[in-house]
Every structure is written in C-alpha cells, then in structure tokens.
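Some notes on the structure that comes next.
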Amino acid sequence: MTSYRVEFTDVAQAEADAAYLRRSQRTSPEEASECYAGIFTAAQTLVTMPRRWQPVPHSDQYEGDVRRMLYGRGSTAHHIIYRIIDPAVGEAEGIVRVLHVYHGARRTSQNSGDPNDGAEEQSL
C-alpha cells in the first residue's frame, strides 16, 4: 500500500489559523485549540487511504486528484480540500497537499474550494 506525507500550503495554514482566531473569540481558547489541533490530526489520517473521501465536485477541471475531507458534523464541519500527488517512479511515498481549510458555514468566494485559488505549492 502506498503511503503519503501531508503538507499544508501557506494558504491552508493561514485559513486554519483564522478559523482558530474566530472560534476563540466565539467560544474559549481551549475549545478553539482543540478544534485547531483536530483539523491537523484529521489531515494526518490521509497518510493512508487518502482516496476514501469524495472528489471535489467538478474536480475534473482541475489538475490532479482533488478531494474534500470533512472534520466535524453537519454545517459546523470544517472542509479540508486537498490534492493527491502519487509517488514518482522509484519514490516510496506520495504527497497529500492540503490546499484549503474552511468552516462549512463560512464558505465564500475567497475560499471557493477551487484548488487553484491562491494555494501555493509549498510545504510547511
């Protein structure tokens, strides 16, 4: 079975940070920290079987295999948009590049889920 490493783009990291700040203002810093850590923990589960989540609607118009993972429940779930990059010939692991992180209730044109919307191809 192929394994993958998970990388967050600068955009996805900034979106997760912003989600933390919003939540800490609405609830408590402890609850915000738990949610923030949960987003990264959930993304790390993509090291195995990243294709278990559905492709992003209309993902055929984008380069690569783009999918959406949900962290949480219902309209309060965070959407983790990621691209799967299979390993090159001779390499042991592929890459799951997290492109966007947004709260289901806060979807805007700024984070439309388009994996090409400002997501830099850079790991942290």
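The values are calculated or read from the model by the stated rules, or taken from the named source; none is laboratory data. These figures come from a predicted structure and were not determined experimentally. All Cβ positions, glycine included, derive from the backbone under ideal geometry; neighbour counts span all protein chains shown.
Of note:
- In the set Thr9, Thr2, only one residue is among the β-branched types (Val, Ile, Thr) and modelled with pLDDT under 95; that residue is Thr2.
- For segment 23-41, the set of residues classified as of a type in the set (D, E, K, R), surrounded by 12 or more Cβ atoms within 10 Å (Cβ to Cβ) and within 17 Å of Tyr102 (Cβ to Cβ) consists of Arg23 only.
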